[in-house]
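Below: one structure, written as structure tokens.
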Amino acid sequence: MTIRQMIERQQQILQAARAAGRNMTREESDEFNRLQRDIEAARAAGQASGNGTAPTTGGEEGDGQRQEPGGSGEEGGEGDHTTLSRAVEAERNRIQTISDMCRQFGMEPRTYIERGTTVEQMNAAIVEHLRATGAPVSASATVTDSAEDKFRRAASDAMLMRAGIELERPEEGARTMMGMSLRDLAIECLQADGSRETGLNRRSSDEIFSMLQRGFFNPEAAFPAILDQTIEKAYREGHRKVAVTFDKWTKKGSLKDFKTHDNYYIAGPVGEFLEVSENGELKHDVFTDDKLPTRKLKTYGRQFTLSRKAFIDDDIGLVTSIPARYAASARKTINKQVYQILIGNSNIYDGLPLFGTDHKNLLATGTGITMEAMQTMIMALANQKDQFGESIIINPATIIVPSGMKFDMYTLFYSPTINTEGNTQAVNPLYQYRDSIEVVEDPTINAMCGGLGNVMPWFLIGDPGDTDFMEVDYLNGQEIPNIRRMEQAGQLGFVWDIYLDWGISVMDWRGAVKNPGVKVDTKLKLA
């Protein structure tokens, strides 16, 4: 491949990503970087030859195709390379700027980066985000880094650190504010907002609370904006740290509204090629397609309050730990619903149980973790047929087990040899799967089956690239809960709604095999 061809290939990669409104994928990025190294190596070799030429990197294209500096021959790569370098640099600057802006306002940058959002569009998105969360913003607002912004971020970070939440890069001045109570912070905010009240330090906490209540929905008020930022950061942290497993083996999807989406089709196979005799006619082929299950979103949420009593008692946990727990609860709720589908084995889109003899994805007899059971489940997965009766290849990717079975799984997969009936060593055929199959252990299965001492099933899930077994959809792909400040009549406190939209659908029963399992018990006898 010549230098010019390599540069053209790089441009194709960039243009494909831009046309799709996304960032380069990992494979595209690897190819782009590899081509860049080859270009630089080819140019360096040309300079080292002392004749001002740049040799090609492929033998079949190296038949004298050289380019003199400043020429217009086949290589002519300097102008193209300069343009490409500028495009790459501009893209890197855009990604860095958007990442910095999102970090400043507690937003997730990935979606905006993948959409190809410009910096100007990001400014507008941040203004809309501030308006939606109740933070102070005017119609003509622009993203700036004023002293007031820094103070609010510092106060928010101080509250989080005081509650024991570790921050990678807290705002400057945050540590000096960690000793401030909610009352102290409220007084400083009232003074910064230009309150005409005098002697605020001599007022009772109840009076301070009443002043804050009167200005709570004033878009210029600092104290509620600080609470909003603190709560948002806290629940994002809770969302990030919660221990769930459903997203390790389900597919993430996105829907744009709450309608039932039933126009999702899969193309069927085309007919086999038939022999055409001399002067014979080609036979017309009609292929079919099949409608996949419907998908639909639902809304789930909760409401919590920073009460008058909590303010007077300086209960900082209500604006830090409680939102984080609610955000974690959203993820746990999805996790529970997903496993309820696995364990409950109710009828799915075709009117049949998810696991059963009709679907050929249920072992007749439950077993523990054995080589024979594992081989049977792999074969059952690999021998499924698609909607049109054609053989498909589904590679095993994930084993889901209840708590207490993972130890046996590691023994099964990580032992290079096994003992035979004749007490001799033989190759362990499952050893080859040690890096390709992930073992996921979730105590949710234990809880749904009644705890240790009861029969618990386990499952083998196929590679998502081969088949879609189960999908979790979010409204516009947003998987972090929304939060907004609300005015609640008769509520003596500051109220926030936290909610998230999602839907769970079994897309194809062929992507999983169930082993009814055996009783799971602990080796340790508890008192």
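The values are calculated or read from the model by the stated rules, or taken from the named source; none is laboratory data. Keep in mind it's a predicted model, so treat the numbers as computed, not measured. Cβ: placed from backbone, ideal geometry, glycine included. Neighbour counts: every protein chain shown. To get the accessible areas, we keep the full protein, side chains included, count just its heavy atoms, and leave off ligands, DNA and RNA. Shrake-Rupley method; radii C 1.70, N 1.55, O 1.52, S 1.80 Å.
May I ask for the equivalent-ellipsoid semi-axes of the stretch 368-418, computed as the square root of five times each C-alpha gyration tensor eigenvalue and listed largest first in whole Å? Before the final figure, lay out the partial values.
Numbers: eigenvalues 139, 30, 15 Å².
Working through the eigenvalues yields semi-axes of 26, 12, 9 Å.
Once R0 is set to 25 Å, what does the formula 1/(1 + (r/R0)^6) return for the Cβ-Cβ distance between Asp408 and Ala382, expressed as a FRET efficiency to the nearest 0.05? Don't skip to the end; give the middle numbers.
On the way: r = 23 Å, r/R0 = 0.91.
Calculated transfer efficiency: 0.65.
What FRET efficiency, computed as 1/(1 + (r/R0)^6) with R0 = 45 Å and r the Cβ-Cβ distance, is obtained for Ser277 and Gln375, rounded to the nearest 0.05?
Values: r = 46 Å, r/R0 = 1.03.
Taking R0 as 45 Å, the efficiency between Ser277 and Gln375 is 0.45.
Working out 0.36 nm times the residue gap between Lys252 and Glu114, then minus their Cα-Cα distance, what length gain in nm do you get to one decimal?
Extra length from Lys252 to Glu114 when fully extended: 48.1 nm.
Using 0.36 nm times the number of residues separating Lys298 and Asp315, minus their current alpha carbon distance, what extension gain do you get?
Details: separation 17, 0.36 × 17 = 6.12 nm, distance 3.32 nm.
Computed gain between Lys298 and Asp315 is 2.8 nm.
Enumerate the calculated ³J(HN,Hα) couplings along the stretch 298-315 in order (Karplus 6.51 cos²θ - 1.76 cosθ + 1.60, θ = phi - 60°), each rounded to whole Hz, writing x wherever the residue is Gly or Pro.
After applying 6.51 cos²θ - 1.76 cosθ + 1.60, I find 10, 10, 10, x, 8, 9, 9, 9, 8, 7, 4, 4, 5, 5, 5, 7, 6, 7 Hz.
Listed highest first by mean packing, meaning other Cβ atoms within 10 Å per residue, what order do 349-359, 460-470 come in? It would help to have the intermediate numbers written out before the result.
Working: 349-359: 14.8, 460-470: 20.6.
Peptide ranking by packing, descending: 460-470, 349-359.
Per residue, how much accessible area does the stretch 341-467 have with a 1.4 Å probe, in Å²? Working shown, then result.
On the way: 6510 Å² over 127 residues.
Roughly 51 Å² per residue, with all protein chains present.
Would you mind computing, in nm to one decimal, how far apart the modelled labels at Arg26 and Thr357 are, each placed 7 Å from Cα along Cα→Cβ?
Result for the modelled spin labels: 4.3 nm.
So for the pair Asp193, Gln12, with labels modelled 7 Å out along Cα→Cβ, what separation do we get in nm?
Result: 6.0 nm between the two label points.
Explain nothing, just compute: Karplus ³J(HN,Hα) = 6.51 cos²θ - 1.76 cosθ + 1.60, θ = phi - 60°, for every residue of the stretch 352-364 in order, whole Hz, x for Gly and Pro.
Once θ is set to phi - 60°, the couplings for the stretch 352-364 become 10, x, 3, 10, x, 5, 5, 8, 6, 10, 9, 5, 5 Hz.
Determine, from the Cβ-Cβ distance of Asn93 and Asn201 and an R0 of 41 Å, the FRET efficiency 1/(1 + (r/R0)^6), rounded to the nearest 0.05. Please report the intermediate quantities before stating the final value.
Values: r = 48 Å, r/R0 = 1.16.
E(calc), rounded to 0.05, equals 0.30.
Would you pull out the residues with amide H under 5 Å of Gly253's amide H, same chain only if 5 or more places away, H placed 1.01 Å from N?
Those lying under 5 Å, H to H, from Gly253 are Val472, Asp473, Tyr474.
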